[in-house]
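The values are calculated or read from the model by the stated rules, or taken from the named source; none is laboratory data. None of these values were measured; they are calculated from a predicted model. For neighbour counting, all protein chains shown are included, and Cβ atoms are generated from backbone atoms with ideal geometry for every residue, glycine included. The accessibility values were calculated without ligands, DNA or RNA, using every heavy atom of the protein model including side chains. Shrake-Rupley method; radii C 1.70, N 1.55, O 1.52, S 1.80 Å.
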Amino acid sequence: MSENTTTQHSAGKRTRAEVVLSAESRLAQIAQLQAGLAEDLAEGGRMALAEMRLTPSRDSREREIPMRSMAAELAAALRMSDRTTQNRIDEAMDVTEHYPETFASWSAGRISERHVQEILRAGINLTDAAAKARYDHEVVEVAEAETPGRLRGFAAALAKKAQPRTLEERFEDANATRTVRLFDLADGMSSINAVLPSVQAHGIFNRLTQQARALKDFRAGRSDYGTREHEQPVDDHRTTDQIRADLFSDMLLTSVPSLDPLAGDDCGGLGAIKAIVQVTVPATTLAGTSSTPADLSGLSLVDPESARRLAGTAPGWDRVFTRPVTGTVVAVDRYRPTDQLKRQLRARDQHCRFVGCRMPTHRCDIDHTVDAALGGPTHQHNLAHLCRRHHSLKHASKWSVKQRGDGVLEWTSPTGRRYTDKPPGVAFEPDPLGLNDPPDATGTVHAPMQHIEPAPF
């Protein structure tokens, strides 16, 4: 009996390809059911709004009773809190009424609930109906091709582009709200929250991360600095987050990290580590002849005036040539000789090139698609950034990758399924080209900032 049971079980096993296909199908079905639930919640919300309009009382709390009642009834049936349910009702009414193309894609199972959440989050400040319609049309195409993590940056850029007011106008208003706030927490802890321009905030976080890693490597004896004669390697049990917090506190209180065992009279060691951000600026913006925003590594847009100030303090510029329609990077050069190929790959890739991964290029390896030991050339058409996780996956599993030209990678899974990963390009729209303009040059300027000085924006 045992042998027969084992034989039947083995014969009934699915292949790897069948498991993947089944998971893909079930995920689409889940998305369709979630979209259906959103439709039910939105309908319940509209019923409550109709009741609210008939309420004669001017007391806001009494007028909200129909919505609270509907949320409570749905919450009890769905075993959720009524506050959570009311938030979901609001989101459901928003997506069904203001984002018809997004909702249609969700209902068809082409995007997931997480995609929808990213779309709604990025579009929260869009109040103009025409702007929402434009954003809805453009963002759903990206959502159907990208993971929610990658969609986040694209959605934010598309939402900002759809705004009827220019980025300069909105940045001026937003920059006036910059602040530092203190919130007291439990158990003797507090939270300091700073609202800053995106370039400065990303630069601060990047510098803290570099310092935390350098400090941890030094104490473990892995640093390029080596170890001092009277010191033995120490296993620092703190997480990177904890070290970042400690360094943040030290630098604000003392100007120099007191945790830095490498610091000397010349302010070397961790204090010498500078922030790195990557900003891509259209040449016409740099020249002051257009107001096209700059791009902060695909994460956010930068207003033109701030971009020009950053470019003015940059130690060097990379000139990035892109295709006028797709924005694909096709060439990079620099006025002073340096590691041109590395800069070109950084400008083209921006992050790990495995499908769905957003690990930034400065934390990735440059991988030969065809191994150099097998004759693969060290050329842009045979190189791509891969994070350690996906670099290992490429070499240690049956996943394979091919270059299809213009930086496009085609990944093939162990079951034979193919996935295309295109270079992200830049978040802004290239300036329109005249009929006599060269076909492959929009003249964008790529500025990897090695140091950011606080500027009075």
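Taking the stated definitions as given, is Arg14 out of contact with any strand residue (DSSP E or B) (no Cβ under 6 Å at 6 or more places or on another chain), at pLDDT 90 or above and outside any helix (DSSP H, G or I)?
Judged against the criteria, Arg14 is a match.
Can you confirm whether Arg88 is of a type in the set (Lys, Arg), in the same structural domain as Phe154 (by the TED database) and surrounded by 18 or more Cβ atoms within 10 Å (Cβ to Cβ)?
Here the answer is yes, as Arg88 does meet what is asked.
Given the structure, is Gly221 at pLDDT below 85, under 30 Å from the mean Cα position of the chain (by Cα) and either surrounded by fewer than 18 Cβ atoms within 10 Å (Cβ to Cβ) or part of a strand (DSSP E or B) (or both)?
Judged against the criteria, Gly221 is not a match.
Taking the range 99-146, which residues are hydroxyl-bearing (Ser, Thr, Tyr) and either modelled with pLDDT of 95 or more or not in a loop (DSSP other than H, G, I, E, B) (or both)?
Selection gives Tyr99, Thr102, Ser105, Ser107, Ser112, Tyr135.
For the range 347-400, which residues satisfy the criterion of being outside any loop (DSSP other than H, G, I, E, B), closer than 20 Å to Ser413 by Cα and open to solvent by less than 20 Å² (accessible area, probe 1.4 Å)?
Across the range 347-400, the qualifying residues are Asp367, Asn382, Leu383, Ala384, His385, Leu386.
Is it true that some residue in the range 171-180 is outside any strand (DSSP E or B), open to solvent by less than 50 Å² (accessible area, probe 1.4 Å), under 27 Å from Thr285 (Cβ atoms) and among the charged types (D, E, K, R)?
No: the range 171-180 contains no residue that is outside any strand (DSSP E or B), open to solvent by less than 50 Å² (accessible area, probe 1.4 Å), under 27 Å from Thr285 (Cβ atoms) and among the charged types (D, E, K, R).
When you go through Asp367, Asp318 one by one, which is the residue that is at pLDDT below 70 and in contact with a His (Cβ under 7 Å, 6 or more places away or on another chain)? Show your work before the answer.
Values: Asp367 fails: at pLDDT below 70.
Of Asp367, Asp318, the one residue that is at pLDDT below 70 and in contact with a His (Cβ under 7 Å, 6 or more places away or on another chain) is Asp318.
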